[in-house]
Structure formats: structure tokens, C-alpha cells
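Participant: Encoded as C-alpha cells, here's the structure I'll be asking about.
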Amino acid sequence: MAQVEDGTANVLVEFDAGIGLLRLNRPQRLNALDDATVIALTEQLEAWEWDKDVRAVLLTSEGPRAFSAGSDIKEMAGFDETQLARHQALGVRLCERMTSSRLPIVVAIRGYALGGGLEIALAADLRIAGESAVLGTPEVELNAIPSWGGTQRLPAIVGLGRATQLVLTGEKIDAATALSWGLVNAVVRDDELEQRARALCERLAALGPAVGMLKTLLRQGTAATHQSGFALEALADALSAVSPEFKSSVGDFGSGS
């Protein structure tokens, strides 16, 4: 049975001038989202939710190659069905924490944002991409489901046709395409990415509590239509997790073959 490690070192935490910064810190694993990392992100966001000094959050990453390549498949290769279900629930909890937060959340994407990495970006309020960004939902290649809300949030952002293209084919798109689709709000040079994202957070932090109220109003407009979709997504993920095709794909990935 796979063990969940302490994720404290996997997420670097900073706070300055009203902005909480979360930095994924597993560059050697393309910032893959193991359970420990997901838990650490969620717990820090929950702590900041009740801190009146925090007025905006910036989520970014260490290393030039990836914001996050998604769930840690090597970790998942050792999971049984119960642990796979727990991993899915942890990802959903993180994304729901992000969408329901009073805090505006900005994600800065450099390199790959795939699978769960893209799903947590979708759960943020604003997304800024570096020119190197590559975005996609390749779960289908593992006979898996984007099960952290991706099948619901992605169509809401880019439209059903484009979401279908990404989810069913596993295609990856570059930053310019993501901008033209409305998947990201801006594209900047990689060496300017964090500075531009931080400047946006500073603007949001300076605007006061109306930002949080506006966020809630915008989210609630689509929340009711998503609830049944989230439930179906979780069911589909549970069914895929016990399929021989999924077990074979994950096993091959975990063994490096």
C-alpha cells in the first residue's frame, strides 16, 4: 500500500502585502500532484480563508518545464481502488476550495499544465500563461477521466466544442491557442510571468471585499448546472479506476515502460 508523504516541502508558502503565494515545489517530478501536495495546497488555502490580512492568492511553480504535469502517476501505480478514490476526492476538495474561496486566485502557468495541473488552473479565477505554456487533458491516453471538475469547468470556459476536442483526443495546445480560446487571460514572456501575475494580484488585493462578492456572484451563476455533472464525473472516474485498461496503463507508466 502506497504511503502519503508530508507535503510541506512540496509547496513553498510566502506572504507579502496582502498576497499569499503558493509555489509547487517538485520540479524534478514536473510538479506532479501527489496526495501530499494536494493536501498541503488545500490546507494552506483553508488557513488563508480566515486570515483578514490575505486578500489575493498567486499559485505558481518552481522550475521552467512545468506548472504541473498532473497527478503523480508513479504514486498512483501503487494505489488500490480505495486510494484512487481518495486521490480523486482530494483533488475535488482542492478545486472546490479554490472556487468557493472569498479570495481571488491567480495562476501563473509556465511549461506544462496537464491533467490535474490544468484542472486546478481551471478552478482559479484568472490564468496568466508564459509563452512556453502547454495545456491539455491527456487522461484519455491512460483510459482515465479528468475527474477534479475538468469535464464541467473546461466547457464553461472554452465552450463544448473545444472542450470536447481536448478531452476526447488528449490534444495539447500552446499558449497562443489557449489565449485565443479564452482558456488563459493573458500570455506574457516567461521571464515576466511571475512579475505580471503578482502585479495582477496586487491590483485585486487593493480593491477590497467587493472582489470576493463579485467572485461569488459569478460562480453561483453556473454552480447549479454543474452539480449533477460533478456527480457523474466522480462516478465515471470510479468506474474507470477499476477497468483493466486503466490498471494496465498506469502500471506501464509506473514501471517506466
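Participant: If Lys74 meets every condition in (1) within 23 Å of Gly170 (Cβ to Cβ); (2) of a type in the set (Lys, Arg); (3) buried (at least 20 other Cβ atoms within 10 Å of the Cβ) apart from one, which number is that one?
Facilitator: With (1) within 23 Å of Gly170 (Cβ to Cβ); (2) of a type in the set (Lys, Arg); (3) buried (at least 20 other Cβ atoms within 10 Å of the Cβ) applied to Lys74, the lone miss is (3).
Participant: Report the residue count in segment 97-133 for those that are under 16 Å from Leu22 (Cα atoms), among the basic types (Lys, Arg) and surrounded by fewer than 24 Cβ atoms within 10 Å (Cβ to Cβ).
Facilitator: Matching residues across segment 97-133 total 1.
Participant: Restricting attention to strands (runs of 3 or more DSSP E) lying wholly within segment 46-162, give those where 3 or more residues are of a type outside the set (Val, Ile, Thr) and within 18 Å of Cys201 (Cα to Cα).
Facilitator: On the way: elements: 56-61, 66-68, 105-109, 112-114, 126-130, 134-136.
The strands (runs of 3 or more DSSP E) meeting that bar are 56-61, 126-130.
Participant: Hey, among the residues in segment 97-137 that are charged (D, E, K, R) and over 18 Å from Pro64 (Cα atoms), which one's farthest from the chain's Cα centre (by Cα)?
Facilitator: Keep residues of segment 97-137 that are charged (D, E, K, R), which gives 97, 102, 110, 119, 125, 127, 131.
After this cut, where a residue has to be over 18 Å from Pro64 (Cα atoms) as well, the list is 97, 102, 119, 125.
Working: Arg97: 11, Arg102: 18, Glu119: 4, Asp125: 11 Å.
Selected residue: Arg102.
Participant: Tally up the residues in segment 61-71 that are in contact (Cβ under 8 Å) with a residue 60 or more places away in the chain and surrounded by 16 or more Cβ atoms within 10 Å (Cβ to Cβ), please.
Facilitator: Going through segment 61-71, the residues in contact (Cβ under 8 Å) with a residue 60 or more places away in the chain turn out to be 64, 67, 70.
Within this subset, residues satisfying the condition of being surrounded by 16 or more Cβ atoms within 10 Å (Cβ to Cβ) are 67, 70.
Result for segment 61-71: 2.
Participant: A follow-up question, please. Being in contact (Cβ under 8 Å) with a residue 40 or more places away in the chain, of a type outside the set (Val, Ile, Thr) and within 24 Å of Leu103 (Cα to Cα) is the requirement here; does Ala175 meet it? Reasoning before the result, please.
Facilitator: Numbers: in contact (Cβ under 8 Å) with a residue 40 or more places away in the chain: yes; of a type outside the set (Val, Ile, Thr): yes; within 24 Å of Leu103 (Cα to Cα): no.
It is false that Ala175 is in contact (Cβ under 8 Å) with a residue 40 or more places away in the chain, of a type outside the set (Val, Ile, Thr) and within 24 Å of Leu103 (Cα to Cα).
Participant: If you go through segment 52-111 one residue at a time, how many are closer than 20 Å to Gly150 by Cα and of a type in the set (D, E, K, R)?
Facilitator: Of the residues in segment 52-111, 6 are closer than 20 Å to Gly150 by Cα and of a type in the set (D, E, K, R).
Participant: Looking only at segment 77-96, how many residues end up being surrounded by fewer than 21 Cβ atoms within 10 Å (Cβ to Cβ) and either of a type in the set (D, E, K, R) or within 11 Å of the chain's Cα centre (by Cα) (or both)?
Facilitator: So the count comes out to 6.
Participant: Going by the conditions given, is Leu200 within 20 Å of the chain's Cα centre (by Cα) and either modelled with pLDDT of 65 or more or not in a helix (DSSP H, G or I) (or both)?
Facilitator: On the way: within 20 Å of the chain's Cα centre (by Cα): yes; either modelled with pLDDT of 65 or more or not in a helix (DSSP H, G or I) (or both): yes.
Yes; evaluated as a whole, the condition is true for this residue.
Participant: In addition: Write out, first by first residue and then by second, each pair whose Cβ atoms fall under 8 Å of each other, whose residues are 6+ apart or on separate chains, and whose first residue, in segment 113-129, is under 16 Å from Val187 (Cα atoms) and modelled with pLDDT of 95 or more while the second is surrounded by 24 or more Cβ atoms within 10 Å (Cβ to Cβ) and of a type in the set (Phe, Trp, Tyr).
Facilitator: Sorted first by the residue in segment 113-129, then by its partner, the pairs are Ala113/Phe67; Ala121/Phe67.
Participant: Sticking with this structure for a sec: I'd like to check something: does segment 141-156 contain any residue that is modelled with pLDDT of 95 or more, among the hydrophobic types (A, V, I, L, M, F, W, C) and more than 11 Å from the chain's Cα centre (by Cα)?
Facilitator: Yes, some residue in segment 141-156 is modelled with pLDDT of 95 or more, among the hydrophobic types (A, V, I, L, M, F, W, C) and more than 11 Å from the chain's Cα centre (by Cα).
Participant: Looking at segment 37-53, can you tell me whether even one residue there is among the basic types (Lys, Arg) and at pLDDT below 95?
Facilitator: Step one: filter segment 37-53 for residues among the basic types (Lys, Arg), giving 52.
Filter once more, so that each one left must be at pLDDT below 95: 52.
Looking for residues that are among the basic types (Lys, Arg) and at pLDDT below 95, one finds at least one in segment 37-53, hence yes.
The values are calculated or read from the model by the stated rules, or taken from the named source; none is laboratory data. Keep in mind that this is a model prediction, so the values were computed, not measured. Glycine gets a Cβ as well: all are built from the backbone with ideal geometry, and neighbour counts include every protein chain shown.
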